[in-house]
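Asks: Below is one structure. I have some questions about it.
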Amino acid sequence: GIAGGGGLYSHATDSLRRFAESTGIGVAETQAGKGSLPFDHPQYLGAIGVTGGLAANRVAREADVIIVVGSRLSDFTTASRTAFQHPSLRVIAINVAELDAHKAGAWPLVGDARVTLDELLQHLEGYRSPAAYRDEVSRLRDEWTAEIDRMIAPRGAATPSQHEVLGLLNRFVAPTDVIVCAAGSLPGDLHRYWRALRPNSYHLEYGYSCMGYEVAGGLGVKMADPGHEVYVLVGDGSYLMMAQEIVTAVQEGLALTIVLLDNSGFSSIGGLSEAVGCGGFGTEYRRRGTASGLLDGEPIAVDFAANA
């Protein structure tokens, strides 16, 4: 099964959990669907697609039936339609939007996710997935859990990696706290490695990956429910686009914790630019070289704490 954002919007997480536990079906999550099941649920497979992990993607590759709950089945989720490899695949898509319910040649179930899941479970009363499948879900889940542990473990270097920062923060924040992110390499790492325990504790603007959204988005999350602590995760390039929304937060007396990862520019798009032969042009904050006249001088040091 694939849990998308529509399941969260329709408050279908309890229905999804009952469905998974009754049928024994493993559940993968999209970016928008993260938190649909707690990360420690025995049938939780983690992230799927381009920014997904080994458990969800290996199960999806071999699946002959996939039940999709409230997902648009975007390029990221389906790895541009390469994530599902079974020659006789059947997709069953639950979606309130008829257009999305028909994607991937699916059998469409057009309706509210919570209501539809509850009704579908009634029709599947007594069904249990094969024991070999459940064993494979458990094995791959354990393997992926160990890999996450390895990736986010402290390495003792003078400067922590982005993965280490996420691991440290994940251990620190309360399950009811909310993290906010939008652009760069952070969303992919969060999709893979962040361990959510509750619905609606993970807020990613990843439909258009809008740089500069993070601080303003975090402010909106805090205004919507001031009772939760909000952690904004942002790279230095995205932060410098709209950091001034901190002033609005101060004006409104709303506290945000901003975790900024500084890589002297736009490292994510720089890597992509270099990968297609463009040399990462304009993606680093560097001084213009005296002799060359190019942006190849020393990195520009920004005191982000003082700026904030």
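The values are calculated or read from the model by the stated rules, or taken from the named source; none is laboratory data. Since we're looking at a predicted model, the values are computed, not measured. Glycine gets a Cβ as well: all are built from the backbone with ideal geometry, and neighbour counts include every protein chain shown. Just so you know, the surface numbers come from the protein's heavy atoms only, side chains and all, with ligands and any DNA or RNA stripped out. Shrake-Rupley method; radii C 1.70, N 1.55, O 1.52, S 1.80 Å.
Asks: Percent relative contact order of the chain, based on C-alpha pairs within less than 8 angstrom and at least six residues apart?
Replies: Numbers: 566 pairs, mean separation 43.8, N = 308.
Relative contact order of the chain: 14 percent.
Asks: Suppose the Debye formula is applied to equal point scatterers at every Cα of region 1-70; what is log10 I(q)/I(0) at q = 0.16, 0.29 Å⁻¹?
Replies: For region 1-70, the Cα-only Debye profile gives -0.45, -1.50.
Asks: Given Cα pairs under 8 Å that are at least 6 residues apart, what percent is the relative contact order of region 78-231?
Replies: Here the relative contact order equals 14 percent.
Asks: Helix-only estimate, please: 222 nm mean residue ellipticity of the chain, summing -39500 (n - 2.57) across DSSP H runs of length 4 or more and dividing by its residues, to the nearest 500. Intermediate results must be reported in sequence, preceding the final value.
Replies: On the way: 14 runs with 125 residues, N = 308.
Estimated from H runs of four or more residues: -11500 deg cm²/dmol.
Asks: So how exposed is GLU29, as accessible area in Å² (1.4 Å probe, rounded to 10)?
Replies: 10 Å²
Asks: In terms of solvent-accessible area of protein heavy atoms at a 1.4 angstrom probe, what is the ranking of SER80, SER161, highest value first?
Replies: SER80, SER161
Asks: Could you let me know the centre-to-centre spacing of region 245-307 and region 78-102, using Cα atoms, in angstrom?
Replies: Centre-to-centre distance over Cα atoms comes out at 38 Å.
Asks: Tell me, what is the FRET efficiency for ARG198 and ARG288 to the nearest 0.05, using R0 = 45 angstrom and their Cβ-Cβ distance as r?
Replies: Result of the calculation: an efficiency of 0.40.
Asks: If you don't mind, there's one more thing I want to ask. In region 147-201, what trypsin sites (Lys or Arg not before Pro) fall in a loop by DSSP, with at most 14 other Cβ atoms inside 10 Å?
Replies: Taking region 147-201 and a limit of 14 other Cβ atoms within 10 Å, the loop trypsin sites (Lys or Arg not before Pro) found are ARG155.
Asks: Could you give log10 I(q)/I(0) at q = 0.18, 0.19, 0.21, 0.24 Å⁻¹ for region 150-226, computed by the Debye formula over C-alpha point scatterers of equal weight, without solvent?
Replies: Per q value, in the given order, log10 I(q)/I(0) is -0.78, -0.86, -1.02, -1.21.
Asks: Tell me, what ³J(HN,Hα) does each residue in region 254-266 have, in order and in whole Hz, if you take phi through Karplus 6.51 cos²θ - 1.76 cosθ + 1.60 with θ = phi - 60° and put x for Gly and Pro?
Replies: 10, 8, 10, 9, 9, 9, 9, 10, 9, 10, 6, x, 10
Asks: Taking the Cα atoms of region 217-308, report the difference between the largest and smallest coordinate on each principal axis, in whole Å and largest first.
Replies: In descending order, the Cα extents are 53, 28, 15 Å.
Asks: On the principal axes of its Cα set, how long, how wide and how thick is the chain? Give whole Å, largest value first.
Replies: Taking max minus min along each principal axis of the Cα atoms, the chain gives 72, 46, 41 Å.
Asks: Order 252-260, 16-24 from most to least packed using the mean count of other Cβ atoms within 10 Å.
Replies: Peptide ranking by packing, descending: 16-24, 252-260.
Asks: Rounded to the nearest 5, what % of the DSSP beta bridges within the chain are antiparallel ones?
Replies: Within the chain, antiparallel bridges account for around 5 percent of the total.
Asks: Place +1 on the Cβ of every Lys and Arg and -1 on the Cβ of every Asp and Glu in region 45-191, take the dipole about the Cα centre, and give the residue among ALA106, ALA47, VAL68 whose Cα lies farthest towards its positive end.
Replies: Working it through, the farthest residue towards the positive pole turns out to be ALA47.
Asks: Using a 1.4 Å probe, how large is the accessible area of PHE76, given in Å² and rounded to the nearest 10?
Replies: The value for PHE76 is about 100 Å².
Asks: Sticking with this structure for a sec: Compute the Cα gyration tensor for region 264-308, then decide on rounded, prolate or oblate, letting a ≥ b ≥ c be the square roots of its eigenvalues: rounded whenever a/c is under 1.5, prolate when a/b is larger than b/c in the other cases, and oblate in all that remain.
Replies: Here region 264-308 falls in the oblate category.
Asks: When a/c is below 1.5 the answer is rounded, else prolate if a/b is larger than b/c, else oblate, so apply that to region 93-138 with a ≥ b ≥ c taken from the square roots of the Cα gyration tensor eigenvalues.
Replies: Values: a/c = 3.00, a/b = 1.67, b/c = 1.80.
Verdict is oblate for region 93-138.
Asks: Determine, from the Cβ-Cβ distance of LEU295 and THR248 and an R0 of 30 Å, the FRET efficiency 1/(1 + (r/R0)^6), rounded to the nearest 0.05.
Replies: Numbers: r = 32 Å, r/R0 = 1.07.
Result of the calculation: an efficiency of 0.40.
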